[in-house]
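To keep things clear, I will list the structure first and then write my remarks on it.
Computed from the coordinates by the stated procedures, all read-outs in this text should not be read as laboratory data. Computed from a predicted model, the values in this text were never measured in an experiment.
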Amino acid sequence: MTRAELDKAYDNTNAVADSGARRDGWIERSERFRALHPEGLDLAYGPRPRNKLDLYRCGRARAPLFAFIHGGYWQRNSKEIFACMAEGPLANGMDVAFLGYTLAPEATLSAIVEEIADAVRWLRREGPRHGVAQDRLVVSGWSAGGHLTATTLAMDEVDAGLAISGIYDVEPCRLNYLNEKLNLTAEEAARTSPLLHLPKKSAPVVLAYGTAELPELQRQSVAYHEARRASDLPSEVLPLAGLNHFSIMDQLEASDGALAKAAARLAFPSTS
């Protein structure tokens, strides 16, 4: 692809006509949700200003924990914008954590990956003091958060993953407009690409995407799934018909949504 073609191939915002309105809706609903659940917000897991996470409890004893990582191509958005997405997992018997992280260009992608690993370790170490992460931990994320989810799957602390519309080969992002803030070298793009670093052992993962997403986003999920299967790593691909990069998130927020149900299958494997 030419540079212009690569820019367009990864420009989710301009590919979806109502992306701005959808994001505004997330912000509005998340502000209401956070106002109703003020406990457990902005717990520090590291030293940097965005090294904070929010915890929401479902009220069930020893509930599995669903830890969500926001998207925005590693350079936009915040955990606060996505709080409304807790509704689906909470209704399905999971506690929920939202993980913040330092954005590019203030942090390199390698540093962001390590921050998320620190947050996951914090949840296992300190979560029980807050009544969460006592048993099963499912890590999830959307877009860039799907990539960051994939980077955690080999951690001992992680029991399962739900990666939504993720990036698993970072190299195209080095070659397009996204690198203006990411400042990736070829070496770092390779080092931070889950597709190129398949572990010997991994938690199971569901790789979800919408069939109305940009073709490159769909290709990324399918390629990562096929590579995992070829390496005998547990993987399931979940294409959701007619959904785009933004409308797919309705399926996590809704209690009966396909993503909320996929999360429940991962959180409660003995009953699925």
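Quick one: grab the alpha carbon gyration tensor of the range 82-171, order the square roots of its eigenvalues as a ≥ b ≥ c, and give me rounded if a/c is under 1.5, else prolate or oblate depending on whether a/b is larger than b/c. Verdict is prolate for the range 82-171.
Pull out a ≥ b ≥ c, the square roots of the eigenvalues of the alpha-carbon gyration tensor of the range 133-244, then state rounded if a/c is under 1.5, prolate if not and a/b is larger than b/c, and oblate in the remaining case. Taking the square roots of the gyration eigenvalues as a ≥ b ≥ c, the range 133-244 is oblate. With angles folded into 0 to 90 degrees, how steeply does helix 258-267 sit against the dominant principal axis of the chain? Use alpha carbons for both and round to 10. Orientation of helix 258-267: about 60 degrees from the principal axis. Note the angle between two axes, namely the Cα long axis of helix 109-126 and the longest principal axis of the Cα atoms of the chain, as a number of degrees from 0 to 90, rounded to the nearest 10. So the helix axis and the longest Cα principal axis differ by about 10 degrees.
Using the alpha carbon gyration tensor of the chain, what are the three equivalent-ellipsoid semi-axes (square root of 5 times each eigenvalue), largest first, in whole Å?
They are 26, 20, 19 Å, listed from largest to smallest.
Quick check on the range 3-267: of the DSSP beta bridges with both residues there, what percent are antiparallel, nearest 5%? So the antiparallel bridges amount to about 20 percent of the total.
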